[in-house]
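Inspection log for the structure reproduced underneath, given as structure tokens.
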Amino acid sequence: MKRARSGNRLPAAPIMTARTATAPTPRRRVAPAAPSSTYTITELAREFDITPRAIRFYEDHGILAPAREGNGGLRRVYSTRDRTRLKLTLRGKRLGLSLLQIRELIDMYESPKDATAQARRFLKVLQQHRSALEQQREDIEVTLAEIARHESDCRRLLKPR
């Protein structure tokens, strides 16, 4: 996942500046943290190669719910449950799911309901997402064909007679 250091509301989006407009610099992946019962925001950010701001974003949207410790409860302490929810959230974002879809699926899997119903719901979400992506691909193909026609027209006009 790309790092976002500004106040973007979408932490998964890459930040493009004049300095980074070329190919992104590959980042070294940090090995997963050793199994622990609690994690700091810094540990999770390093493990999943995201910014603490992205983690706070997911917290603001109710996906993560860390405990608070220290003076005034300023220090966030994330549980293994939070770590798992973050991992599933990032997986869902890579699939292109919305935060609402991700949250619904994660919440559904945490409830002690029938696994068959959960699998059906997940399959329905995936089918809807696939359909949307296929429509986007079709729209892109139509647009590319139109661009090709315009390029051909321009080349024909520029051709010396």
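The values are calculated or read from the model by the stated rules, or taken from the named source; none is laboratory data. Treat the numbers as computed from the prediction; the structure is a model and nothing was measured. All Cβ positions, even for glycine, are placed from backbone atoms using ideal geometry, and neighbour counts span all protein chains on display. Surface areas here come from the heavy atoms of the whole protein model, side chains and all, with no ligands, DNA or RNA. Shrake-Rupley method; radii C 1.70, N 1.55, O 1.52, S 1.80 Å.
Odds and ends about this structure:
- Any chance Glu146 is over 19 Å from Ile63 (Cβ atoms), over 30 Å from the mean Cα position of the chain (by Cα), at pLDDT 90 or above and surrounded by 10 or more Cβ atoms within 10 Å (Cβ to Cβ): yes
- Residue check, Ile63 under 18 Å from Thr89 (Cβ atoms), at pLDDT 95 or above and outside any helix (DSSP H, G or I): no
- Within the range 51-62, the residues that satisfy the criterion of being in contact with a Leu (Cβ under 7 Å, 6 or more places away or on another chain) and surrounded by 16 or more Cβ atoms within 10 Å (Cβ to Cβ) are Ile55, Tyr58.
- If only residues of the range 105-118 that are assigned to a helix (DSSP H, G or I) and of a type outside the set (A, V, I, L, M, F, W, C) are counted, the one that is least open to solvent (accessible area, probe 1.4 Å) is Gln118.
- Residue selected from the range 67-85 under the condition open to solvent by 60 Å² or more (accessible area, probe 1.4 Å) and part of a helix (DSSP H, G or I), by the criterion farthest from Gln101 (Cα to Cα): Asn71
- Only one of Asp139, Asp107 that is of a type in the set (Asp, Glu), more than 30 Å from Ile55 (Cα to Cα) and free of Cβ contacts under 8 Å to residues at least 40 places away in the same chain: Asp139
- Residue among Arg91, Arg121, Arg130 that alone is farther than 26 Å from Leu44 by Cβ, free of Cβ contacts under 8 Å to residues at least 12 places away in the same chain and part of a helix (DSSP H, G or I): Arg130
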